[in-house]
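Here's the structure we're looking at; comments come further down.
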Amino acid sequence: MIQKERFMRFALCLLLGLYSIGLVSYTLATVLTAEAACTHCFKGEHGFAGGKGPNGKASTSTNRYVNVGYIGGTTSPNRFTGTDATNVSAAINTAASAWNGQVAEDNTSHTNYSVRQTRSANDVNVYVGMVDSVPGNKNACGGIDVQVDQNGNVTGAIMLLKKDAVQHLTPDQIAKIIEHELGHFFGLADIGNNSTGQCESIMDKANDASCT
């Protein structure tokens, strides 16, 4: 009887151990799959609740402010100034206007995000920086790393633009890259592929060779 109880305990511990290993493996696989497919196409996370609006106005569930600012100054390795800053600033405004003016298929309703540019560091929700090569895809025109807290709430993001692309494209072309990456921040995945050439949606993949 004692041996039978010991065997049952051993079997139960073994099953629990295998279950735990399986659960951990599944969790890691899910995280890695989400990271590989898109830095942040919502997979259970809670969308960004919004930042501060003009004059400190609070966000609501139907009007969530998204404040975008480029990294300037003299300390950050991803900072940029001069003509680059001028072009990116203009591009941020263009991308913000594009998202704010979008309507759904009913031609009436708008996204609940209200995008605007800010130079107030305390208000920025999405920082835009510049790099020689986007981590994870050296040929990409841009990328975005979205931060999520321990409860799965989106809290902000850092958008990285390829320096060579910024310096060889017009502000309107740069705006398309920023607009695309903001789409990821809102939880949208890439669609299409590099060979479609259709660009029917801002979330179509760009031709990395030309970054357009």
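Each value in this text was obtained by applying a stated rule to the coordinates, not by laboratory testing. All values derive from a computational prediction rather than experimental measurement. All Cβ positions, even for glycine, are placed from backbone atoms using ideal geometry, and neighbour counts span all protein chains on display.
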Net charge of Cβ neighbours under 12 Å - reference F186; Lys, Arg +1; Asp, Glu -1: -2
Efficiency of FRET between E105 and H168 - r from beta-carbon atoms, R0 35 angstrom, step 0.05: 0.50
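Full extension from R79 to N122: what is 0.36 nm times the residue separation minus their Cα-Cα distance, to one decimal in nm?
13.8 nm
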Neighbour-limited loop hits for trypsin sites (Lys or Arg not before Pro), the stretch 38-140 (at most 13 other Cβ within 10 Å; DSSP other than H, G, I, E, B): K57, R119, K138
Which of M203, M130 has the fewest Cβ neighbours within 10 Å, and the rest in rising order: M203, M130
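One-quarter of the Cα convex hull surface for the stretch 102-146, in nm²?
Orientation-averaged projected area of the Cα hull: 5.2 nm².
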Neighbourhood charge, 14 Å Cβ-Cβ cut-off, centred on D84 and excluding it, Lys, Arg +1 and Asp, Glu -1: +1
